[in-house]
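Notes for the one structure printed next.
The values are calculated or read from the model by the stated rules, or taken from the named source; none is laboratory data. Quick caveat: nothing in here was measured; it's all calculated off a predicted structure. Glycine gets a Cβ as well: all are built from the backbone with ideal geometry, and neighbour counts include every protein chain shown.
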């Protein structure tokens, strides 16, 4: 047994050694990225990981980092597996990270309690726990620009518009195909609330991880129930399969809308030409003809510093990664402005995130004009509930198919605050926010 | 043997009587429930009604959906059967419970698609994929089976676990983990679907599914011929019966193992193509392969017809169950229904559908 | 030469039947336990939280499965689910009765998984070997489905996940976000030592012999008056108890929360690897296996880049992940070929060599 | 739980009686209409050519197989079917044709396992392995050590039986059966595959067991010499039927027995 201890000790020694090394470099901002390029969800994970990595890398190459401070980028492989995600977090939290991107709703849920204790801000961009948009209760969690609840509400608005008004939804059947995991279940409470208000019938079609590619019977039930609209909250291999099955079942594609995570190019491509008309929500543009993407190509991809195939640049999920990193960078930059420090730490970046205000002008500077809508985060509102638009698959690529649509904030926000309160109550001893928002602003 | 008649009790087998009574009971129950439902004694919301009447009402009301369900079940059943077939082949010949069959399916399909992505013409890629499976078979025999010969079953079982992990890593390392489109068109697999109007409803038959069923049955037929007619086939059966016997008549086990694993590899490739064409080729497929295990239980580990029948039972059973009874439990029961069916079946008949009765000796 | 039994005569059967007959072994064990406790105060946060706590928890789960598979010879692929039962039971209990000391609930929650384990162990009388393994898969998938589709189990949380509320022991938080990894580690370590001691008592006594008899030759065992069903069910109960406790500890002392897919089939496989690599029918082997299977990937994740960086080769996190899989797979096969009886056997051989050192035998 | 207390059977009268027992697997008949008895304290041999159904007979006696017909009376209680462990509780122990030891366990543990029936300390004490549980262990260890001395296998006390030579394994198996302190001991070819010395040792042990412990013994054996020397009475089976029953020398002279052994066609 002592021999085991030896091995243990050895491993430990290695681990400790390795885990302090990068932290020593104080002249850099450490930005860990929890990504997944492996496992059943790698299909969605890889482009995002590349997008996030490439933008930050581009800042290093082009501007020598943020405010002259290099960014230490480190990826940690989670495989979209909560267990590995927590391991990743434990291994990085010692290295003074500026901000953590869990990139999985499951992992986010695990880390939310830890973030407050370890004083590390967590950016779960348009995923994670919707109620965490309440800054009063979740000072360390940020999920701009929109929550799943906003997304669902926009879907309802879109459907209503096509049907001719919210009142027209009465008596309609609306189906939610969702991954049977926290991520997939997120929109259910809002949809249920809206179903009550607007009088439509909500049908749930859960898909377990192991049956992601085996949705035959699920689509039979859909054929039986004949829902008027379908909202797809899927991920990974589940999305292309769902689109394919929809085509097979002859479901009218233009009445099937995916959340922004179901809007990958590969997702729609699965259905082939018949998938034309499939819609998905989005909060940033697709395509490579933006200054920022061009810069990435110039400074990163062409130099062979990226893993991403050049011809695929500007695909939806890649751009999503870019957008995410943009939020990180802007938060860091704001933090630098507020604190005057160069190498900012987690607590500084939290302030930065709470003061985050990306205007049209700023977007222009970033070469993101028309790429995304302005984003503003406040101390109380860690999300902003910003506008999203509906994209449509034209058989080969995504096309913007609507204007920017405002979510039903008046419906969402109260639910958010209620949910947040409920969360705090359920977790006895939930730490109170150190300094109140009112005092701060 | 005169005395045999003497000891055998007169009259019919008690088991037959039991069956008779069971049948009568069920019939009576059906009649009663039918009447109860007619007279409205029990209706929607009533548990009994929801469980034992409503589903059948639904079946009667929408026969097209029933047909569709059966068809879907049939197709997935065929694919389960194919995976199970791979298990059975290997178990018969080498007594190894090959857990890696699932990943072999993914690996084979991935090789095919991956090669095509790298610019290899589809058919060439197909040939190469077959080649890869051969190499894999040889490698497995050399590296895993040969050193582990005469080890207890569980050890070999675990070794295939190791193989699974190895192949997952290797596959992702070479071809990347993202799901890939199956190159069905390039392989001249039929596309599209035919709508058949049945019972005033519309039943949709995917051409690819029809092809899958056809190819699967063709494949099984070929294997059957291969085993019964060819010399190697006979040798295989000999090995299956007894390793020692096979050795004593001068059959090279190693050679047989390579052949068997190669055959299983080809089966895996076909399965991978078919399933890949229905959804995508990704590592998530490997989890579906676990569904082959209940199939094996039903069919028995050593029976090829068992694998087929078992596959169909499981496929149809879980689809019907999920579609008609799933909603009662909140859906998703597909994930475990197959195993429960198998489990209950085992309690009644531990040796599987086609296995012989086990007589314990000391 | 320091490792000699010469001069240690057994004067009583009790002494002869001790688990560690050799004085040196007893001293060694004491030293290890002492070190283990010392680490709590010297080890880094990462070492405790991300290495040692999970290692101990997995070791406990491995012991659980080893009692079933290694001692009673019943192959199970439902470990993950049984761990889950413990975790969810513990969650329900501690949220329903926050007053009661949490450690009590951890130990009680095991009883629930024991019950479930017995239920799914019932087929084991008629089913043997792989058939039984597949039967346990039914438990695995069914229970996992329950964790997901029975909202009552996770108190109707929106997220469908359970998370660790704040719980204290002697006023010190041991569970929940504010609990330091040091206190968690101490609690886990103590519980694991305690339960390991109990397990060793069990397997060295009449019950252990009954299990091994069934494993080696169930027919003979039955003809000697050992009731197969009772003994097998007892094995399932005890095994599931350990798994359940391990599951509860996993959620509350390690992750701090969990969703249903934490207890998926891979969890079962990992634990199975641990006992195979560590050694079937060996408690210490469970520790070895847990150490190897759990720590190897972590070590690889750190060592591989460390090796490659000097050569200017930067290696992606995904590549590391793939290599982990490849190496783990290869390692399993390698071990099975080299020493089918696992690390425990190597350990014994090593001790034997040490005993006769410097002579070859 | 101890053996069901039943009318004490005096030496000399029937301890076990087999009446018209038949046993069949599907079409195959292993035994048909066999009847004989075993008297307390005697050594009863069951002989016959291969496939005569000798082992099946033993399996019926200790409840491993259930006769399709007829019944068996043991210590005055008739039974059609009973579970093997019940038979063991009743005081029937046996050894096996091809050794059925617990290969993974040491000689000591094998014998201790033989005591399982007699150990009753609760699960709780087992968890602690102190107090009563430990005392019980030690008490039974003593008994086991006596048997070890009796069989002269002290040297292999802590050797896993899987590693032992065949002859010793047979001896350990006998020891394991003795550890159960049976009233009726069934020996299935105890000397199969042994050389002369080993056979002599084993014969001596069988006689000693019978005389010292007064254990009734039923044994199957092929070696005619051994059977004739050891046994008080012999029953001869052929094709699952009884063809002769009586004292060794009577049986030896029986024409059908001679035919059976010389294989004269019927």
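Summary table below
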quantity: Test for residue B:30: is it modelled with pLDDT of 70 or more, surrounded by fewer than 14 Cβ atoms within 10 Å (Cβ to Cβ) and within 29 Å of the chain's Cα centre (by Cα); calculated: no
quantity: Residues of region D:86-131 classified as on the phi > 0 side of the Ramachandran plot and touching a strand residue (DSSP E or B) at 6+ places or on another chain (Cβ under 7 Å), total; calculated: 1
quantity: Restricting region A:94-113 to residues that are more than 18 Å from the chain's Cα centre (by Cα) and within 9 Å of chain C (Cβ to nearest Cβ), the residue that is surrounded by the fewest Cβ atoms within 10 Å (Cβ to Cβ); calculated: A:94
quantity: Unmet requirement for residue B:138, which otherwise passes all of (1) at pLDDT 90 or above; (2) touching a strand residue (DSSP E or B) at 6+ places or on another chain (Cβ under 9 Å); calculated: (2)
quantity: Of the criteria (1) assigned to a helix (DSSP H, G or I); (2) more than 11 Å from chain B (Cβ to nearest Cβ); (3) surrounded by 23 or more Cβ atoms within 10 Å (Cβ to Cβ), which one residue C:81 fails; calculated: (2)
quantity: Test: residue in region C:280-297 that is touching a helix residue (DSSP H, G or I) at 6+ places or on another chain (Cβ under 9 Å) and within 9 Å of chain B (Cβ to nearest Cβ); calculated: yes
quantity: Output for region D:157-176, where each listed residue is out of contact with any helix residue (DSSP H, G or I) (no Cβ under 7 Å at 6 or more places or on another chain), under 16 Å from residue C:213 (Cα atoms) and part of a helix (DSSP H, G or I); calculated: D:162, D:173
quantity: Hits in region D:136-156 (condition: assigned to a loop (DSSP other than H, G, I, E, B) and facing another protein chain (nearest Cβ under 7 Å)); calculated: none
quantity: All positions within region A:94-119 that are part of a helix (DSSP H, G or I) and in contact with a strand residue (DSSP E or B) (Cβ under 8 Å, 6 or more places away or on another chain); calculated: A:95, A:107, A:108, A:109, A:110, A:111, A:112, A:113, A:115
quantity: Residue in region C:147-178 that is nearest to the other protein chains (Cβ to nearest Cβ), counting only those that are assigned to a helix (DSSP H, G or I) and surrounded by fewer than 19 Cβ atoms within 10 Å (Cβ to Cβ); calculated: C:151
quantity: Test: residue D:75 is in the same structural domain as residue D:203 (by TED's automatic domain parsing) and surrounded by fewer than 23 Cβ atoms within 10 Å (Cβ to Cβ); calculated: yes
quantity: Residues being part of a helix (DSSP H, G or I) and more than 22 Å from residue D:188 (Cβ to Cβ) - total across region D:90-135; calculated: 14
quantity: Residues that are in contact (Cβ under 8 Å) with a residue 40 or more places away in the chain, away from chain C (no Cβ under 14 Å) and either part of a helix (DSSP H, G or I) or over 17 Å from residue A:279 (Cβ atoms) (or both), drawn from region A:173-209; calculated: A:173, A:194, A:197, A:198
quantity: Region A:224-246: number of residues that are closer than 28 Å to residue B:63 by Cβ, in contact with a strand residue (DSSP E or B) (Cβ under 9 Å, 6 or more places away or on another chain) and not in a strand (DSSP E or B); calculated: 7
quantity: Qualifying residue in region A:375-384 (condition: within 14 Å of another protein chain (Cβ to nearest Cβ) and either modelled with pLDDT under 90 or in a strand (DSSP E or B) (or both)); calculated: no
quantity: Residue match in region A:351-372 (condition: part of a helix (DSSP H, G or I) and in contact (Cβ under 8 Å) with a residue 40 or more places away in the chain); calculated: yes
quantity: Residue in region A:247-261 that is farthest from residue A:175 (Cα to Cα), counting only those that are within 14 Å of chain B (Cβ to nearest Cβ) and touching a strand residue (DSSP E or B) at 6+ places or on another chain (Cβ under 8 Å); calculated: A:248
quantity: Any chance residue B:290 is facing another protein chain (nearest Cβ under 10 Å), within 18 Å of the chain's Cα centre (by Cα) and surrounded by fewer than 24 Cβ atoms within 10 Å (Cβ to Cβ); calculated: yes
quantity: Some residue of region D:106-122 being within 30 Å of residue C:341 (Cβ to Cβ), more than 7 Å from chain C (Cβ to nearest Cβ) and surrounded by fewer than 17 Cβ atoms within 10 Å (Cβ to Cβ); calculated: no
quantity: Residues that are part of a helix (DSSP H, G or I) and surrounded by fewer than 18 Cβ atoms within 10 Å (Cβ to Cβ), drawn from region C:119-145; calculated: C:119, C:122, C:125, C:129
quantity: Selected residue (criterion: nearest to residue D:187 (Cα to Cα)) from residues of region D:18-57 that are free of Cβ contacts under 8 Å to residues at least 12 places away in the same chain and within 9 Å of another protein chain (Cβ to nearest Cβ); calculated: D:25
quantity: Any hit, region D:213-222, residues being under 23 Å from residue D:98 (Cβ atoms), modelled with pLDDT under 90 and surrounded by fewer than 23 Cβ atoms within 10 Å (Cβ to Cβ); calculated: yes
quantity: Flag if residue C:229 is more than 11 Å from chain D (Cβ to nearest Cβ), surrounded by fewer than 24 Cβ atoms within 10 Å (Cβ to Cβ) and farther than 26 Å from residue A:181 by Cα; calculated: no
quantity: Residue in region C:318-336 that is more than 9 Å from every other protein chain (Cβ to nearest Cβ), at pLDDT below 85 and either farther than 30 Å from residue B:145 by Cα or crowded, with 19+ Cβ neighbours inside 10 Å (or both) present; calculated: no
quantity: Test for residue B:337: is it modelled with pLDDT of 75 or more, in contact with a helix residue (DSSP H, G or I) (Cβ under 9 Å, 6 or more places away or on another chain), surrounded by fewer than 18 Cβ atoms within 10 Å (Cβ to Cβ) and in the same structural domain as residue B:73 (by TED's automatic domain parsing); calculated: no
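Per-residue answers, yes or no, for (1) more than 23 Å from the chain's Cα centre (by Cα); (2) under 29 Å from residue A:361 (Cα atoms):
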{"residue": "A:262", "(1), (2)": "no, no"}
{"residue": "A:269", "(1), (2)": "no, no"}
{"residue": "A:276", "(1), (2)": "yes, no"}
{"residue": "A:296", "(1), (2)": "no, yes"}
{"residue": "A:301", "(1), (2)": "yes, yes"}
{"residue": "A:305", "(1), (2)": "yes, no"}
{"residue": "A:320", "(1), (2)": "no, yes"}
{"residue": "A:331", "(1), (2)": "no, yes"}
{"residue": "A:336", "(1), (2)": "yes, yes"}
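A quick yes/no check of all residues on (1) surrounded by fewer than 24 Cβ atoms within 10 Å (Cβ to Cβ); (2) in contact with a strand residue (DSSP E or B) (Cβ under 7 Å, 6 or more places away or on another chain); (3) within 22 Å of residue C:250 (Cβ to Cβ); (4) at pLDDT 80 or above:
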residue	(1), (2), (3), (4)
A:8	yes, no, yes, no
A:22	yes, yes, no, no
A:38	no, yes, no, yes
A:56	no, yes, no, yes
A:66	no, yes, no, yes
A:80	no, no, yes, yes
A:88	no, yes, yes, yes
